[in-house]
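So the structure is just underneath, and the comments pick up after that.
The values are calculated or read from the model by the stated rules, or taken from the named source; none is laboratory data. Given the structure is predicted, the values throughout are model-derived calculations rather than measurements. Ideal geometry is used to build each Cβ from the backbone, glycine not excepted, and the neighbour counts take in all protein chains shown.
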Amino acid sequence: MEQHVLAVSNLVVKYGEKVAVSGLSFTIGPGEIYGLLGPNGAGKTSTIRAILGLVNFTGDVDLLGQGRPRGTLLNMIGAVLETPALLETLTVKEFLELVASVRRFNDVKRIEALVHAFELEQYMGTYIASLSQGNKQKVAIVSALMHRPKLLILDEPFNALDVKSARVFKEIIANHKRDGGAVLFSTHIMEIAEKLCDRIGIIDRGKMVVEGTTAQIMEQVHAGSLEDAFLKAIHAEEEIKELTEAL
Amino acid sequence: MKGVARALADELIYQGYTVSRASGFRPVSVQSAIRNSRVNKLLSAVVSSALIALYMFLYYESAAGQLRLRVSPVAVAIVVFAWSGFSVVMMLTMAIYSLQGTGYIRDFIYTLPFESWEVERVSIMSVFSIIDLQLYAMVALALLSLFIFRSALIFFSIVFGLETAILVFEALSRVMSRRRLDLKSAVRSRLVVSVIPLIYVLIFVLIQPFSQISPAGVAGELIPLLDFALTGSPVATASSLVWIIVTGYVAIRLFKSTALSFFTISHEALVVPVKERGWRITGPTFAMLQTDIRQVFRSNLAGMFLAPLLLAAIVLFQLHGVQAGELRFVAVAYGIELALLSALPAYSIYMAEMRGALAIRIMPLSRARLALPKIVIAILSYYIFEGALIVALLIRGAGILYILPLILGSLGPAASVLLVSIIFEKTIMSGGALSMPVSMLALLLELIVVALPFAFYFAALLLGLGAIYASLFELVISAMELALLYYIVSSYERG
């Protein structure tokens with residue numbers, strides 16, 4: 001039996017009385033890109049934060065059969081969060097040096113190649129605080145990719161990226177998959193999800209509504225495209241009609 | 001417009017409390033975070049007003065001969081001046097630092113259909129709302145003092161304290177909103193930002209020497225507030241009034257532009273002229289140590305590194321006046337003070353870590369490893385401070401037994417770092433910043449952890465165990481504290 005890279009079962013995340021994620025379960029295998037789709041506030045980011053141990057939760061999260069990704073196990077993950085998680089008072093070079101040092105990764109050529117691929121050379125001596133949103137996102141991407149993690153966790157990773165960098169990143173994700181790496185991918189952009197993801201889980205109000213390959217999902221909800229399937233799955237089609245008619 | 005200003009003020013107070021924009025952590029319960037941020041503001045106003053009211057009471061009772069204690073007017077003037085300003089500066093700086101590097105409020109204001117005068121008005125009203133409770137409470141106390149107790153000293157002290165605090169804030173705001181283009185200028189600006197709030201800390205520490213100032217000399221006639229406190233003469237009253245009017249005028253004039261710049265605070269918008277150098281990839285602990293120090297010295301918290309140094313210098317200065325016979329107990333008493341101070345830099349590093357806490361927490365670092373560089377800094381600080389005290393004691397002719405408890409006392413401050421680590425982790429996981437009650441609790445617990453081994457040292461001495469056994473007792477207790485807290489830190493499962 002092939003071992004999973006990530007297995008999430010019965011995940012529950014609460015913020016006080018509010019339940020953000022309610023009994024969510026899914027697995028991601030090696031060489032698989034799993035897309036987590038859902039409307040705003042569906043619980044995608046909370047799920048990702050729980051996996052990374054950034055919020056308290058109940059349920060199980062297992063990384064490569066070794067338990068919850070904590071401490072040194074986090075070295076098997078590269079994460080790009082919705083808001084780039086960076087230390088703003090460091091320069092780009094200082095931050096990348098810190099990440100490499102903490103990850104005990106000293107393949108400088110790899111880091112330089114990534115810096116070059118995302119055109120960050122000219123910003124190496126710039127404080128992260130004064131970078132544009134797109135460049136901050138690139139720094140977060142380089143720091144997530146540098147150590148060749150087994151699992152990439154990407155929350156809206158194409159936010160603010162320019163077209164060239166987005167293409168470079170898509171190629172890198174494809175190579176990562178080809179090399180047996182797994183990806184948990186959260187996005188609002190259906191076209192990207194359709195092109196990149198092997199399997200998709202659509203969540204709404206913290207619960208899994210439908211899961212499978214794009215074709216399976218479209219078949220399950222009788223829709224002609226992923227966008228239609230998504231809207232049907234979250235019961236938004238009728239609502240959209242009513243809303244637009246009222247305008 | 002009032003509604004917008006109120007909403008912006010709430011957002012500023014909320015950000016000052018949670019730092020959620022800077023840290024990336026969401027509060028578990030936004031409702032309770034909002035409530036707590038308001039309570040925090042209310043508490044600041046209540047604590048500072050209560051302290052001023054207490055000093056006011058002591059002063060008038062002393063002046064009326066109701067107390068045996070003689071309360072120096074100069075000391076009262078300085079304490080009231082400092083407290084009335086301190087809470088205002090703290091509330092404003094909390095809000096301003098939480099906004100560093102985020103222009104979202106400015107962007108929001110400029111997307112509203114406001115004329116430029118309306119933008120100015122909204123900015124002024126919202127910044128004013130951050131400190132309104134403090135101002136109302138202080139002004140009420142000032143008027144109470146003037147009309148009920150018929151004395152101008154407290155009135156002058158409060159009003160001058162508030163005006164100066166607003167000027168201090170305006171200076172901080174101006175320094176921070178400069179677009180710094182070169183490294184030297186950036187370092188200078190950071191230094192100014194770090195040192196200015198220290199003035200208040202110094203004032204509190206130096207109350208004793210201040211209260212002994214005699215009326216002779218230039219202070220008697222010219223220094224604002226002190227002149228009135230010292231002489232109470234018509235010339236001094238006039239001089240204080242002139243100072244208050246001029247300072248008040250300047251503070252009010254500058255408030256408008258400061259309120260506007262409040263929303264456009266840049267964050268070291270600077271390109272560092274990096275020398276061509278290779279990559280410096282080290283071990284995780286050293287890399288974190290380097291990052292911790294960089295983060296602190298690039299933030300307003302650098303002052304928390306400088307404050308212990310200043311206070312340590314004062315302790316060493318005071319040692320000169322100690323009688324030889326009291327040296328043993330005084331040595332350890334000062335040793336405890338310096339041990340407490342040595343825990344401050346580590347505490348400030350955790351505060352600095354609040355910014356970018358998310359980035360650090362997705363790295364493969366256990367909480368114990370995250371605490372390690374801070375422990376190293378606490379131990380280094382301890383030996384720097386205690387080392388200076390030990391040298392001073394040796395010069396005074398103290399023997400090795402006097403300094404043994406100081407040499408063996410570093411594990412207490414190290415343990416206190418782990419305690420702060422536990423409180424810090426619990427706080428950020430629930431999405432809040434260290435509010436005033438939590439900070440005070442943290443400080444109290446820290447004090448206990450650092451002082452407990454020394455308390456056992458004294459207890460052992462009183463039981464007649466001798467200095468060597470007492471010192472060993474102290475060492476064992478601090479080692480037990482360290483082991484227990486390390487166990488808690490290591491076993492605490494995130495998520």
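Values computed for the structure shown
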{"item": "Residues (at pLDDT below 70, within 8 Å of chain A (Cβ to nearest Cβ) and under 27 Å from the mean Cα position of the chain (by Cα)) located in the stretch B:264-317", "result": "B:Ser266, B:His267, B:Glu268, B:Ala269, B:Leu270, B:Ser299"}
{"item": "Selected residue (criterion: surrounded by the most Cβ atoms within 10 Å (Cβ to Cβ)) from residues of the stretch B:447-481 that are hydrophobic (A, V, I, L, M, F, W, C) and outside any helix (DSSP H, G or I)", "result": "B:Leu465"}
{"item": "Options A:Asp228, A:Asp204; residue that is farther than 30 Å from A:Val142 by Cβ and touching a residue at least 24 places away in the same chain (Cβ under 8 Å)", "result": "A:Asp204"}
{"item": "Residue among A:Pro30, A:Pro84 that is touching a residue at least 24 places away in the same chain (Cβ under 8 Å) and within 12 Å of chain B (Cβ to nearest Cβ)", "result": "A:Pro84"}
{"item": "Test: residue in the stretch A:203-216 that is more than 16 Å from the chain's Cα centre (by Cα), within 21 Å of A:Val5 (Cβ to Cβ) and in a loop (DSSP other than H, G, I, E, B)", "result": "yes"}
{"item": "Lone qualifier among A:Val163, A:Val209, A:Val168 - being crowded, with 17+ Cβ neighbours inside 10 Å, farther than 23 Å from A:Ile234 by Cα and not basic (Lys, Arg)", "result": "A:Val168"}
{"item": "Odd one out for B:Leu67 among (1) assigned to a helix (DSSP H, G or I); (2) modelled with pLDDT under 80", "result": "(1)"}
{"item": "Test result for A:Val61, more than 30 Å from B:Gly283 (Cβ to Cβ) and of a type in the set (Val, Ile, Thr)", "result": "no"}
{"item": "Selection from the stretch B:357-368 of residues that are more than 7 Å from every other protein chain (Cβ to nearest Cβ) and either over 13 Å from B:Val417 (Cβ atoms) or in contact with a strand residue (DSSP E or B) (Cβ under 9 Å, 6 or more places away or on another chain) (or both)", "result": "B:Ala357, B:Ile360"}
{"item": "Options A:Asp107, A:Asp60: the member that is more than 7 Å from chain B (Cβ to nearest Cβ) and either under 21 Å from the mean Cα position of the chain (by Cα) or among the hydrophobic types (A, V, I, L, M, F, W, C) (or both)", "result": "A:Asp60"}
{"item": "Top-ranked residue of the stretch A:44-81 - restricted to ones that are in contact with a Pro (Cβ under 6 Å, 6 or more places away or on another chain) and in contact (Cβ under 8 Å) with a residue 24 or more places away in the chain, ranked as farthest from A:Ala144 (Cα to Cα)", "result": "A:Leu63"}
{"item": "Which listed residue is of a type in the set (A, V, I, L, M), within 20 Å of A:Glu119 (Cβ to Cβ) and either touching a Phe, Trp or Tyr at 6+ places or on another chain (Cβ under 9 Å) or surrounded by 19 or more Cβ atoms within 10 Å (Cβ to Cβ) (or both), from A:Leu145, A:Leu226", "result": "A:Leu145"}
{"item": "Residue count, the stretch B:384-410 (criterion: in a helix (DSSP H, G or I), surrounded by 18 or more Cβ atoms within 10 Å (Cβ to Cβ) and either free of Cβ contacts under 8 Å to residues at least 60 places away in the same chain or within 25 Å of the chain's Cα centre (by Cα) (or both))", "result": "4"}
{"item": "Count - residues of the stretch A:9-47 that are more than 15 Å from the chain's Cα centre (by Cα) and of a type in the set (A, V, I, L, M)", "result": "7"}
{"item": "Residue in the stretch A:110-128 that is assigned to a helix (DSSP H, G or I), at pLDDT below 95, within 11 Å of chain B (Cβ to nearest Cβ) and closer than 19 Å to B:Glu353 by Cβ present", "result": "yes"}
{"item": "Flag for A:Leu86 being out of contact with any Asp or Glu (no Cβ under 9 Å at 6 or more places or on another chain) and surrounded by 23 or more Cβ atoms within 10 Å (Cβ to Cβ)", "result": "yes"}
{"item": "Condition met for B:Ser348 (modelled with pLDDT under 85, under 30 Å from A:Leu81 (Cα atoms), assigned by TED's automatic domain parsing to the domain that holds B:Thr427 and small (Gly, Ala, Ser))", "result": "yes"}
